[in-house]
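Asks: I have a structure here, written as structure tokens, and I will follow up with some questions on it.
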Amino acid sequence: MTNAAQRTNVRKAVPLKVTDEVRMSVLEMYHDFRKRFPEMTQVTDARHIKVWDSVDDETAFSWFESLAGAINDQMGAAKKGTDLTSVFSFFERELQGSDMEVKNCIDVSFVENLFWEVQPISAAKAWDAMPNSMRQMYLSFHGQPPTIT
């Protein structure tokens, strides 16, 4: 897993205006995810507290690492839990119009930590559901898909 403790200092939620579109900050993405996926947020918060002792805005960047871990737990246990297609679509939308801070958070904190210690057979469905942009992030870091033994 990555050392997210070094990257937890995120700037305050200030919308960035580029031409006619408004871009989200990491903090805004964090709050938006929590609102859209309350069940997954609850599971992720419990996991995050075990490592960071609390859930707050200052650890928003590292919270997405905890989210990846919670998803990995579901994959490894073959649980029917979060609709990963919806989660991946959320991040795909964020990647479309985001600044480097948000892209870095999605890449380093979330995508790089997906499939950690998940058996290839258990990873297959999630890998198939992952958008190409996120697959490329994963492959750039790990060098091969999680479905290869």
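The values are calculated or read from the model by the stated rules, or taken from the named source; none is laboratory data. Being a predicted model, the structure only gives us computed values, none of them experimental. Counting neighbours? That spans all protein chains shown, and the Cβs are built from the backbone with ideal geometry, glycine included. These area figures cover heavy atoms from the full protein model, side chains too; ligands, DNA and RNA do not enter into them. Shrake-Rupley method; radii C 1.70, N 1.55, O 1.52, S 1.80 Å.
Asks: What FRET efficiency comes out for residue 49 versus residue 132 if R0 is 22 angstrom and r is the Cβ-Cβ distance? Round to the nearest 0.05.
Replies: With R0 = 22 Å, the Cβ-Cβ based efficiency is 0.05.
Asks: Same structure again: Which residue, 104, 71, 25, has the largest displacement toward the positive end of the dipole of the range 22-127 when charges sit on each Cβ (Lys, Arg +1; Asp, Glu -1)?
Replies: Of the listed residues, the answer is 71.
Asks: Still on this model: Using a 1.4 angstrom probe and counting only protein chains, how large is the accessible area of residue 92 in Å², to 10?
Replies: 50 Å²
Asks: Can I ask one more? Near residue 103, which aspartates and glutamates are there with a Cα under 19 Å away, not counting those fewer than 8 places off in the same chain?
Replies: Result set, ordered by chain and number: 21, 28, 32, 57, 58, 65, 92, 94, 112.
Asks: If packing is taken as the mean number of other Cβ atoms within 10 Å per residue, what is the order of 57-64, 37-44, highest first?
Replies: In decreasing order of mean packing, 57-64, 37-44 become 57-64, 37-44.
Asks: Where the centroid of each part is defined by its Cα atoms, how far is the range 116-149 from the range 33-65 in Å?
Replies: Centre-to-centre distance over Cα atoms comes out at 23 Å.
Asks: At 0.36 nm per residue, and after removing the present C-alpha to C-alpha distance, how many nm does the segment from residue 42 to residue 142 gain when stretched out fully? Please list the in-between numbers first.
Replies: Values: separation 100, 0.36 × 100 = 36.00 nm, distance 2.85 nm.
The span from residue 42 to residue 142 would gain 33.1 nm if fully extended.
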